[in-house]
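A quick write-up on the structure given underneath.
What follows draws every value from the coordinates through simple rules; no lab data is involved. The shown structure was predicted, so the numbers you read here are calculated from the model rather than taken from an experiment. When we count neighbours, we look across all protein chains shown, and the Cβ atoms used for this are built from the backbone with ideal geometry, even at glycine.
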Amino acid sequence: MTDGRHDLRFDHAGIATVDVDALAALYVDLFSCERAHEESLDGMFVCFLDLGGGYLELLEPRDGGTIARYLDEHGPGIHHLAVATDDIEAALERARARGVDPVEGPRPGAWGHEVAFLHPGSTGGVLFEFVEH
């Protein structure tokens with residue numbers, strides 16, 4: 001805690017795609033980064049690319065689900081922005097106190113981290129994710 005606030009920092013940008021491997025190959029070459037972590041989770045394949053100060057999280061649907069619906073409605077692109085926190089409950093409490101509605105969470109997410117999403121209707125149209133490492 002600093003001055004009564006919890007420390008927050010950029011963690012990753014989630015990008016919906018129909019082909020993780022092709023997009024990862026492009027980004028690895030374009031940004032000189034590395035694939036840092038991969039897993040199947042919640043009906044999707046997830047690949048994190050390490051940019052040094054944060055990650056790109058590439059999301060490919062495998063069994064329908066939210067990313068498949070997102071791609072159907074919006075096409076490929078940025079799905080969400082994630083902010084790391086040391087205390088996800090305090091981050092959610094702070095959000096609620098400011099009239100920001102959580103979508104869900106906390107719940108288990110990629111890499112074994114706890115995650116919680118904030119409704120884009122209360123955050124200026126952006127789906128934000130809190131991530132507790």
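Among the residues making up region 89-104, those that are aliphatic (A, V, I, L, M) and either part of a helix (DSSP H, G or I) or under 15 Å from Glu132 (Cα atoms) (or both) are Ala90, Ala91, Leu92, Ala95, Ala97. Residue pairs whose Cβ atoms lie under 6 Å apart, separated by 6 or more positions or on different chains, with the first residue in region 8-32 and aliphatic (A, V, I, L, M) and the second part of a loop (DSSP other than H, G, I, E, B), are Ala16/Pro76; Leu23/Thr17. Tell me, please, whether a residue that is under 27 Å from Ser122 (Cβ atoms), out of contact with any Lys or Arg (no Cβ under 6 Å at 6 or more places or on another chain) and of a type in the set (Phe, Trp, Tyr) can be found in region 15-35. The answer is no; no qualifying residue exists. Just so you know, in region 56-112 the residues that are in contact with a Ser or Thr (Cβ under 6 Å, 6 or more places away or on another chain) and under 29 Å from Asp29 (Cβ atoms) include one that is surrounded by the fewest Cβ atoms within 10 Å (Cβ to Cβ), and it is Pro76.
Among the residues of region 120-130, at least one is part of a strand (DSSP E or B) and over 21 Å from Thr17 (Cα atoms).
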